[in-house]
Amino acid sequence: MAAAQLGVFGPSCAQAGEAKPASATPLPVKTGVAADDNSIRPFHVSFPEANLTDLRRRINATKWPERETVTDASQGVQLATTQKLARYWATDHDWRKCEARLNALPQFITEIDGLDIHFIHVRSKLPNALPIIITHGWPGSIIEQLKIIGPLTDPTACGGKAEDAFDVVIPSLPGYGFSGKPTTTGWDPQRFARAWIVLMKRLGYTRYVAQGGDWGNCVTELMALQAPPELLGIHTNMAATVPADIDKAAFSGAPPPSNLTGDELHAYDQLAFFYKHGLGYAIEMANHPQTLYGIADSPVGLAAWILDHDARSYELIARVFDGQPEGLTRDDILDNVTLYWLTNTPISSARLYWEYKGGFFDVRNVSIPVAVSVFPDEIYAAPRSWAEKAYPKLIHYNRLPKGGHFAAWEQPELFSVDIRASFRSLH
């Protein structure tokens, strides 16, 4: 099915993430299709009420440990925060609202390399829109990108220009959300990148750009290395720019090199902190993802595991459950966790860490045009000096005033404006 056949959607800026029903009639996903089936099938989200009843029962039956013996988060996700999350989840969170948001968007399933791939595909109503494929990471999902669909497909509703419009493709990574779960080894970021190239070709696009953060950055950079002629450039909000000697020193806990600039020293300190205090989840998932039965059996265990991703994101989420207004809401956070729970993807998503053999921030020698957005509360804020060396065709570099690891989710306006600026020269 060509791209032009997949429906049109362009909500206003204020309605980012909300949509009118797609023109295609949503259908249940088909299974057991032939390996050479290139069809694109409409997809509809619908979980039985019994699944939600069971979720609430399990939350209420949580066996709680005692409180941490410190007054900060140095021992992990704190009991008070987790119990506030659990109370709201069991009594006030409404998954059906999230389900309705998803079902108002054009969603599809197609088989690539023997695996069903789920994706959102929203075409702009504006002429000459530039196609963009946006990839999430862990512990994210397509939920992260819902707020940027409107500002990208219809920038005129947000104070932008019509010539900056995008057609937006947002796939679920294999093993995540509504995509299929690999049943054999070999589904690593290289294979994901190949699948995304196939997907964009199957949608009929002869020119496009790509964007990603977290694992999405890894997949996006690997797409660039595979060099499909249709891929014009990429954007990252978690750039892989760390020089090998700097990364080795930060990982070992060594003192920073004496010749670092102010921005480089700040990045070094952020990396050293993450390697010392924030890498535990990744080490366990890279070594023994199958061992994590607890997060597939306990919704509260899953939520705590997800919250423990990085210190700045956890601090923000803790403030949210304390009732402070932030870029994320309690429902935002629990929509994402509930998606993992209902699709039973805690273990299948974790296996990506086992499959990958590289470093998180290694320079990959990407030679096509690259744009970098730097958010201050990211795991590390990539200095311009490192970005210029890592990406010889750096077409855009911007340090944003606010935002962290889940930038599109937390700061969708800043994120969307910078995406439009990043690719203006490639439209």
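Listing for the model above:
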read-out	value
Residue match in segment 391-400 (condition: closer than 30 Å to Gln290 by Cβ and either open to solvent by less than 60 Å² (accessible area, probe 1.4 Å) or not in a loop (DSSP other than H, G, I, E, B) (or both))	no
Subset of segment 65-94 that is free of Cβ contacts under 8 Å to residues at least 24 places away in the same chain and hydrophobic (A, V, I, L, M, F, W, C) - its residue that is farthest from Phe274 (Cα to Cα)	Ala80
Subset of segment 199-214 [part of a helix (DSSP H, G or I) and over 17 Å from Val122 (Cβ atoms)]	Lys201
Residue list for segment 152-175, filter: part of a helix (DSSP H, G or I), surrounded by fewer than 18 Cβ atoms within 10 Å (Cβ to Cβ) and touching a residue at least 60 places away in the same chain (Cβ under 8 Å)	Ala157, Glu163
Residue list for segment 244-274, restricted to those being open to solvent by 30 Å² or more (accessible area, probe 1.4 Å) and among the hydroxyl-bearing types (Ser, Thr, Tyr)	Ser252, Ser258, Thr261
Any pair with Cβ under 7 angstrom, 6 or more apart, that starts in segment 236-253 at a residue that is over 17 Å from Trp215 (Cβ atoms) and ends at one that is open to solvent by less than 40 Å² (accessible area, probe 1.4 Å) and among the polar types (S, T, N, Q)	none
Only listed residue being in contact with a Ser or Thr (Cβ under 8 Å, 6 or more places away or on another chain) and on the phi > 0 side of the Ramachandran plot, chosen from Gly177, Gly150, Gly186	Gly177
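The values are calculated or read from the model by the stated rules, or taken from the named source; none is laboratory data. As the structure is a computational prediction, the values presented were derived from the model and not from experiment. All Cβ positions, even for glycine, are placed from backbone atoms using ideal geometry, and neighbour counts span all protein chains on display. In case anyone asks, the SASA skips ligands and DNA or RNA and just uses the protein heavy atoms, side chains included. Shrake-Rupley method; radii C 1.70, N 1.55, O 1.52, S 1.80 Å.
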